[in-house]
Structure formats: C-alpha cells, structure tokens
Amino acid sequence: QVQLVESGGGLVQPGGSLRLSCAASGRIFTLNDMGWYRQAPGKQRELVATVTSIGTTNYVDSVKGRFTISRDNAKNTVYLQMNSLQPEDTAVYYCHAVATVVVVPEVRTYEYWGQGLQVTVSS
C-alpha cells in the first residue's frame, strides 16, 4: 500500500556528515508522523528522530545538536541531516512512517518501514 524508498547511507569518517532521504509513495490518503530509527549490531532498534505532519520534531538525546530531521510534504519525503558523526552512530538506519491509506470503501492507518540503510562511521 505504501512504499518507503531510502537513500544516502554510506561510509564516512568521524566528524563527517551524511544526509538520509526517504520518499513515500502509494495509496496515501494522509502521511502522518515520519521518522528514523537505527539498530547497531547487538543492540535493539532505537528511535533517532521523528517529525509530525506540521513539523514538530523529537530527537533522542545522543543526537541532539548534531542531527536535524525535516520533511517535504509536497514530496512525501523525510530527511535526516547528520553532522559531527561519531563511530557510535554506526548502525542500520530505518525510515518509519505512519500513513492513512485508501482501502476502498474506507481509509485505514498503518505503520510502514523502509528496508534500512547502512551508515558506517570509521577512519
């Protein structure tokens, strides 16, 4: 019903920057909260940042002041600008979206996940 296509991961040196993008497509009636989670090896998946449809943001403490989440509602796309990256930011990053979709004859709200992007911070 909704597909999330992510881009922008890769290898970066400590102190470097990356920008992740996630575009949503499909039978979207409304796109509600969007966000990014990450999962490091041997650890549980954790919330990194979220943004509501009106632009209210929330961040995990460890990325505050370094990461910025934003969205372009016209493009159904969410971004994560990551600056001052550190080795502990190494993880698979997952895009997450809550979307209300058309399921004729009604609409329903579901959660969706992207496939995941590897981000590696290493010298």
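The values are calculated or read from the model by the stated rules, or taken from the named source; none is laboratory data. Nothing here was measured: the structure is a model prediction, and the numbers come from that model. Here Cβ is always computed from backbone atoms with ideal geometry, including for glycine, and neighbour counts include all displayed protein chains. In case anyone asks, the SASA skips ligands and DNA or RNA and just uses the protein heavy atoms, side chains included. Shrake-Rupley method; radii C 1.70, N 1.55, O 1.52, S 1.80 Å.
Quick look at the values:
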item	result
Test: S53 is of a type in the set (S, T, N, Q) and in contact with a strand residue (DSSP E or B) (Cβ under 6 Å, 6 or more places away or on another chain)	yes
Residue in the stretch 100-112 that is over 15 Å from Q1 (Cβ atoms), open to solvent by less than 50 Å² (accessible area, probe 1.4 Å), in contact (Cβ under 8 Å) with a residue 40 or more places away in the chain and touching a strand residue (DSSP E or B) at 6+ places or on another chain (Cβ under 9 Å) present	no
Residues within the stretch 59-77 that are outside any loop (DSSP other than H, G, I, E, B) and either open to solvent by 50 Å² or more (accessible area, probe 1.4 Å) or within 14 Å of L20 (Cα to Cα) (or both), tallied	9
Filter result for R19 (open to solvent by 70 Å² or more (accessible area, probe 1.4 Å), at pLDDT 95 or above and either within 18 Å of G8 (Cβ to Cβ) or touching a Phe, Trp or Tyr at 6+ places or on another chain (Cβ under 9 Å) (or both))	yes
In the stretch 44-58, the residues that are assigned to a loop (DSSP other than H, G, I, E, B) and free of Cβ contacts under 8 Å to residues at least 24 places away in the same chain	Q44, T52, S53, I54, G55, T56
Which listed residue, of V78, V51, V5, V102, is modelled with pLDDT under 95, farther than 18 Å from S122 by Cβ and among the hydrophobic types (A, V, I, L, M, F, W, C)	V102
Subset of the stretch 38-48 that is under 14 Å from the mean Cα position of the chain (by Cα) and farther than 20 Å from S122 by Cα - its residue that is surrounded by the fewest Cβ atoms within 10 Å (Cβ to Cβ)	E46
Any hit, the stretch 22-36, residues being in contact with a strand residue (DSSP E or B) (Cβ under 6 Å, 6 or more places away or on another chain), under 18 Å from R66 (Cα atoms) and open to solvent by 20 Å² or more (accessible area, probe 1.4 Å)	no
Residues within the stretch 67-84 that are in contact (Cβ under 8 Å) with a residue 60 or more places away in the chain and more than 16 Å from the chain's Cα centre (by Cα), tallied	1
Every residue from the stretch 78-95 that is out of contact with any Leu (no Cβ under 8 Å at 6 or more places or on another chain), open to solvent by 30 Å² or more (accessible area, probe 1.4 Å) and among the β-branched types (V, I, T)	T90
